[in-house]
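Visitor: Below is one structure. I have some questions about it.
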Amino acid sequence: MRPLARLASLRSPVAGQAFKSTLSTRAVASRTSWTPAPIPRISSTSLRSFSLSTSHHRFQVYVKKQNTKMTSTATTLKGQPLDKGALESMLRRRMFFAPSFDIYGGVAGLYDYGPPGCALQANIIDIWRKHFVLEEDMLEVDCTALTPHDVLKTSGHVDKFADWMCKDPKNGDILRADHFVEDVLEARLKGDKEARGQKVEDKEEDPKRKKKKAKGTEAVKLEDAVVKEYEEILAQIDNYNGEQLGELIKKYDLKNPATGVQPEPPVAFNLMFQTAIGPSGNLAGYMRPETAQGQFLNFAKLLEYNAGNMPFASASIGKSYRNEIAPRGGLLRVREFLMAEIEHFVDPAGHKKHERFHEVADIELALLDRNVQLSGQTTVTKMTIGEAVKQKIVDNETLGYFLARIHLFLKKIGVDQSKIRFRQHMGNEMAHYACDCWDAELLTSSGWVECVGCADRSAYDLTVHAKKTGAPLVVRETLETPEIVEKWEPEINSKKFGPTFRKDAKTVEAAILALPQEELAKLAEELKTNGKIVVDVPGVGDGKVEVSKDLVAIEWKKHTINIREYTPNVIEPSFGIGRILYSLLEHNYWVREGDEARGVISFPPAVAPVKVLIVPISSKAEFAPHVRRLSQKLRSVGISSRVDDSSASIGRRYARNDELGTPFGLTIDFQTLQDGTFTLRERDSTRQVRAEEEKIVDAIKALVEGSKTWQDVESELPIFEGQELEIRPAEN
């Protein structure tokens, strides 16, 4: 047991004079810059496609397998190698999160948040609301998670919201096809490096997946051309569809390490959870895979609430559900998760410009565009978002504006700026509704993880829902100058049309009214010449319907247009809160030098689960009034605090709250009883100041709000110094 320093006498403060005490520690580690090498990603994309062309060659050189334990390429906040096992053990011990139904053995992909996890999530959401909803005057809605089949059939999710899976014929294991290809090729590249005598750093694995891995990886040297080929495949793994993933498996003879056999060809697996609504079971439904559809279906109401003004944005925060094939990576791939989504509705005629784009034009982002990926590279280019839009790397100002705002949000909550990049989706990787999409990816021990997607959904969703339901999901605006429009216009003789076509009348009429101008011009001439026309109407008879001139007329007409009607386009930033939360934990974790047992999470004050630890130095009754008063005072200014009046040493109490990310500590000691002053400790530097209650509370409030830094506080309040204090590792 390490010796603890004894309490020293205190002196009253005077201007420019420091306090002396034993309640100060010194363990300051400096941050180091770090540029990550290209490593794998975790994404949420589904359909992928790409062509294959090169032949596969390799030659084998077997070498003795070394047992040296390698660490992950990931680093802590201070640049130390990240021990993911130690971090996750600490997070579970401190109850940030835990597997759901744990005493029943748990269910893959389901997790519960404990008190600090809930508080951290709530603080991230609070900052998100202020940064987006409040700052951008967004209209927030809360829509139901239970969604009827017809809604998601119309949106395309029933048919296209899928990942590719393959089955191991020997043990029946279900493998996600792209992850399987990625894992086997990465293992071969690792073996190649070992055979060449290069240092190999293992990617951290989910402990639950280790039992399925092979006992060892053969050190097999590959030809240089094959190494390059593997690396190019991995760089664009999200651009392959099921058929071509199957070709990769056959071409390179990829086998499941657990059984040594090749899996069956990939098949599509829909990721939505299906259910039945009501006791009869006749109304099919799904648990929503995203919050977006509720916002689209409420568009007309939101437009009316916004007094018809465009552009505008809606926002929604809520749970979504995806039946992942192989959940892995803890909170990074789960089956129930919190999303925060924005739907920004914009007039496409204005080239999707944004009135506030000039405010963010000079913000520099790390961009990985699709052309670089298709060339087999992962090199990012740093440039301002203004330049990226100007060069059409990013398609339009509104998309660029939100990419920059996403960057600022992630920076505000404490994401390591050296571990963030924006990656553009490749053509066949994009969701069925998107015409362009960028992901904000954060570097973790599991590789690059997609945490925010920002998609240009064009007018897809509003158009398909309007077509299906007949609801007017459009914007009507009065033109300052009326427009004269001339066009071919069909006129239906309703008195004869209905009796002629009976139950098919509406279908035939809709087909005629939907004809383009070029086709109407041709049919007008045929009607004049032949007295009848033939129209393609799928589902009616043989698909060809003859319509005579007594049932329809097609005439060239001139109209004066006073009202313009259009379907807005949508830019959608979509945030996976759980992934952001976990990445934030990794990015802000570090250990104090010389004591690996002392983990610290350096959350920014605004996002920290608890802002202040109140530590009475003694359990004597005279300390209790000060504890109560301080707690009440902090609550009254909206600052969360926690009292630790256990019998543990001061250092131990500080250390275990450093693990919770608590940025500040207030110590109530015997000097407090004499003059009403308190010490305020800063978590990362462990430095302290001492002052009266009012000044201390004002300083904490300013630190949490971000209006002052710790350096500002140290310049304003007397520094509190004392002999070094040996602190033992944190205990429960």
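Each value in this text was obtained by applying a stated rule to the coordinates, not by laboratory testing. Remember, predicted model here, so these are calculated numbers, not experimental data. Here the Cβ positions follow ideal geometry from the backbone for every residue, glycine too, while neighbour counts run over all protein chains shown.
Visitor: Over 20 Å between C-alpha atoms is what I'm after, so list which of LYS160/LYS419; LYS495/LYS557; LYS78/LYS708; LYS167/LYS221; LYS412/LYS701 land there.
Guide: Values: LYS160/LYS419 32 Å; LYS495/LYS557 22 Å; LYS78/LYS708 23 Å; LYS167/LYS221 29 Å; LYS412/LYS701 17 Å.
Over 20 Å Cα-Cα: LYS160/LYS419; LYS495/LYS557; LYS78/LYS708; LYS167/LYS221.
Visitor: I've got another one for you. Full extension from THR500 to GLU359: what is 0.36 nm times the residue separation minus their Cα-Cα distance, to one decimal in nm? Please report the intermediate quantities before stating the final value.
Guide: Numbers: separation 141, 0.36 × 141 = 50.76 nm, distance 6.16 nm.
Extra length available between THR500 and GLU359 comes to 44.6 nm.
Visitor: Find how many whole Å separate the alpha carbon centroid of the stretch 247-265 from the alpha carbon centroid of the stretch 483-532.
Guide: When both Cα centres are located, 57 Å separates them.
Visitor: Does the stretch 481-564 come out rounded, prolate or oblate by the C-alpha gyration tensor, with a ≥ b ≥ c the root eigenvalues, rounded set by a/c under 1.5 and, if not, prolate when a/b is larger than b/c and oblate if not?
Guide: Details: a/c = 2.03, a/b = 1.70, b/c = 1.19.
Prolate shape, in that a/c is at least 1.5 and a/b is the bigger ratio.
Visitor: Out of all DSSP beta bridges with both ends in the stretch 613-710, state the antiparallel percent to the nearest 5. Please list the in-between numbers first.
Guide: Details: 9 of 15 bridges.
That works out to approximately 60 percent antiparallel.
Visitor: So which aspartates and glutamates pass the test for LYS392, namely a Cα distance under 13 Å, with those fewer than 8 places away in the same chain ruled out?
Guide: ASP369, ASP436
Visitor: Modelling each spin label as a point 7 Å along the Cα-to-Cβ direction, I'd like the THR381/SER707 distance in nm, to one decimal.
Guide: 4.3 nm
Visitor: Let me ask something else about it. Hey, what D do you get for the chain in µm²/s if you plug the Kirkwood alpha-carbon radius into Stokes-Einstein at 37 °C and 0.692 mPa s? If you can, show how the numbers build up before the last one.
Guide: Details: Rh = 29.8 Å.
After rounding, the answer is 110 µm²/s.
Visitor: So how far apart, in nm, are the two label points at ASP253 and ASN282 if each is 7 Å from Cα heading toward Cβ?
Guide: Taking the two extended label points, one gets 5.8 nm.
Visitor: Need the full-extension length gain, LYS392 to GLU694, defined as separation in residues times 0.36 nm minus the C-alpha distance. One decimal, nm. Walk me through the numbers before you get to the answer.
Guide: Working: separation 302, 0.36 × 302 = 108.72 nm, distance 5.41 nm.
This chain segment gains 103.3 nm when fully extended.
Visitor: Using 0.36 nm per residue, how much length does the chain from GLU596 to ASP102 gain when fully extended, once their Cα-Cα distance is taken away? Show your work: numbers first, answer last.
Guide: Working: separation 494, 0.36 × 494 = 177.84 nm, distance 2.83 nm.
Working it through step by step, the gained length comes to 175.0 nm.
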